[in-house]
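The values are calculated or read from the model by the stated rules, or taken from the named source; none is laboratory data. All figures in this text were calculated on a predicted structure; none of them were measured in a lab. Note: ideal-geometry Cβ built from the backbone for every residue, glycine included; neighbour counts use all protein chains shown. Quick note on the areas: whole protein, heavy atoms, side chains included, nothing else; ligands and nucleic acids left out. Shrake-Rupley method; radii C 1.70, N 1.55, O 1.52, S 1.80 Å.
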Amino acid sequence: MSSARKVYVTRLVPQTGIDILKPECDLSFWESDEAIPQDELLKNVKGIDGLFCMLTDNINKDVIDAAGPNLKVIATMSVGYEHIDLVECKKRGIVVANTPNVSTDSVAELTVSLLLLTSRRLLEGVRAVKNGEWGLWKPMWLLGTELTQRTVGILGLGRIGYGVARRLRPFGVRKIIYHDVVCVSYASDIGADFVSFDELVKQSDFICICCNLTAQTRHKFNKDAFKMMKKSAILINSGRGGVVNHDDLHEALVNGEITAAGIDVTEPEPLPASHPLVSIPNCIVLPHMGSNTWESRNSMSSTAAKNILAVFHKEKPMGEVN
Ligand SMILES: O=C(O)C(=O)CO
């Protein structure tokens, strides 16, 4: 009888992680690129020692109960871990680990791309060409906004927020301000000043949401926040959809309270194609693509795998969150 630890992987994931786990573990998978239904998850976790999961999996008390007392580690192949019941894990001594660092560059690059895509109205240009609406050069057509001499506000100056700020500096922005739960020491490296949330929304020409979703950040961008923002402001969200109240965002965009938004994360996900934000020209909605690079996904898979083995070997995983 094999004494290998049982690990369940809730999706087809890059081979990098599998190669790490295979020699030591008894692996089973949800053999699909699509999310595992909750009833299948409940069935398949029985008796496992480790769970390798995704940000789309709802790892609640029922799943932890179904897994049973052998479960020692839940490794999510994501930075975000709001889908895991941390309180329940703590009660039972289950280690929860995420994949910090390895998607910092990909998400920061995506955030800057989305900002430029939105501020320069590039998709409207692409659409106009496709629709045969490109006439002779016009001085007043599809005008956007430059980053030069503007104030950029960042909500959440963690690794990704810092990566965004660092990438935006060379564009000649005038000022970078940020708001977070604490002042961070490395903010001075990029000349970023800590401000209150209200000052962040009032002063910024561009706001990048780079924080995670917590009780404190849920719907932080709501009617009140949009009313405080500049009419010319552009909002970018690559953190979590739940930080923004989407009905209020739609109203702010339609009523001209802010100029435009680019969002890579939404609430819910997927955002239905019929959602009003999808069809207005001043909102770009991407399908949560922040870490969609070969580099990040390979590293996310190997990091999640190493986190599992670390716990089995009684070592500290790289991304322990509880
Ligand atoms: O890692 C995460 O938390 C993601 O959102 C994937 O990009």
Considering all alpha-carbon pairs of the chain, what whole percent are spaced by more than 39 angstrom? 20
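Based on the inverse mean of 1/r over its pairs of different Cα atoms, what is the Kirkwood hydrodynamic radius of segment 104-285, in Å? Could you put the intermediate results ahead of the total?
Numbers: mean 1/r = 0.0605 Å⁻¹.
Radius from the Kirkwood sum: 16.5 Å.
Under the definition of Cα pairs under 8 Å and six or more residues apart, what whole-number percent is the relative contact order of segment 104-285?
On the way: 323 pairs, mean separation 36.6, N = 182.
Dividing the mean separation by the residue count of segment 104-285 yields 20 percent.
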Applying the Karplus parametrisation 6.51 cos²θ - 1.76 cosθ + 1.60 with θ = phi - 60° to the phi angles of segment 149-158, what ³J(HN,Hα) value in whole Hz is obtained for each residue in order, glycine and proline being reported as x? 6, 9, 9, 9, x, 10, 9, x, 9, x
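What's the FRET efficiency of D247 with W141 using the Cβ-Cβ distance as r and R₀ = 30 Å, to the nearest 0.05? Kindly include the intermediate steps, with their values, before the conclusion.
Working: r = 31 Å, r/R0 = 1.03.
The formula returns an efficiency of 0.45 here.
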Explain nothing, just compute: Karplus ³J(HN,Hα) = 6.51 cos²θ - 1.76 cosθ + 1.60, θ = phi - 60°, for every residue of segment 34-51 in order, whole Hz, x for Gly and Pro. 8, 4, 6, x, 4, 5, 6, 4, 4, 5, 7, 8, 3, x, 7, 9, x, 10
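Would you work out the relative contact order for the chain, in percent, from Cα pairs under 8 angstrom that are 6 or more residues apart?
Relative contact order here is 19 percent.
Quick check on segment 33-76: what are the equivalent-ellipsoid semi-axes from the Cα gyration tensor, as sqrt(5λ), descending, whole Å? Write down the numbers at each step before the final one.
Details: eigenvalues 50, 27, 15 Å².
Over the Cα atoms of segment 33-76, the semi-axes work out to 16, 12, 9 Å.
Find the Rg to Rh ratio for segment 1-121, where Rh is the Kirkwood radius over alpha-carbon pairs and Rg uses the same atoms.
On the way: Rg = 16.4 Å, Rh = 15.6 Å.
In segment 1-121, Rg relative to Rh is 1.05.
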Would you give the gap between the C-alpha center of segment 1-20 and the C-alpha center of segment 197-267, rounded to a whole Å? 39
Enclosed volume per residue, in Å³, of the convex hull spanned by Cα atoms of segment 184-322: 151
With all protein chains present, the chain has a carbon and sulfur share of its accessible area (1.4 Å probe) in percent of 54
Which of the aspartates and glutamates could be linked to K306 by a straight reach, that is with a Cα gap under 16 Å, when you skip same-chain ones fewer than 8 residues away? D19, E24, D26, D49, E315, E320
Among G239, V321, P170, the residue whose Cα sits farthest towards the positive end of the charge dipole of the chain, when +1 is placed on the Cβ of each Lys and Arg and -1 on the Cβ of each Asp and Glu, is P170
Spatial separation of Cα centroids for segment 109-139 and segment 275-322, in angstrom: 29
Mind listing the phi-derived Karplus ³J(HN,Hα) values for segment 234-248, rounded to whole Hz, using 6.51, -1.76 and 1.60 with θ = phi - 60°, and x for any glycine or proline? 10, 10, 10, 10, 10, x, 9, x, x, 6, 10, 7, 5, 5, 5
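Once you have the Cα-Cα distance between A35 and H219, take 0.36 nm times their residue separation minus that, and quote the gain in nm to one decimal.
Details: separation 184, 0.36 × 184 = 66.24 nm, distance 2.58 nm.
Separation in residues times 0.36 nm, less the Cα-Cα distance, equals 63.7 nm.
Full-extension gain between V126 and V182, please, as 0.36 nm times their residue separation minus the C-alpha to C-alpha distance.
Working: separation 56, 0.36 × 56 = 20.16 nm, distance 4.10 nm.
Taking 0.36 nm per residue and subtracting the Cα distance, the gain is 16.1 nm.
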Eigenvalues of the alpha-carbon gyration tensor of segment 211-274, times 5 and square-rooted, give semi-axes in Å, largest first, of 18, 14, 10
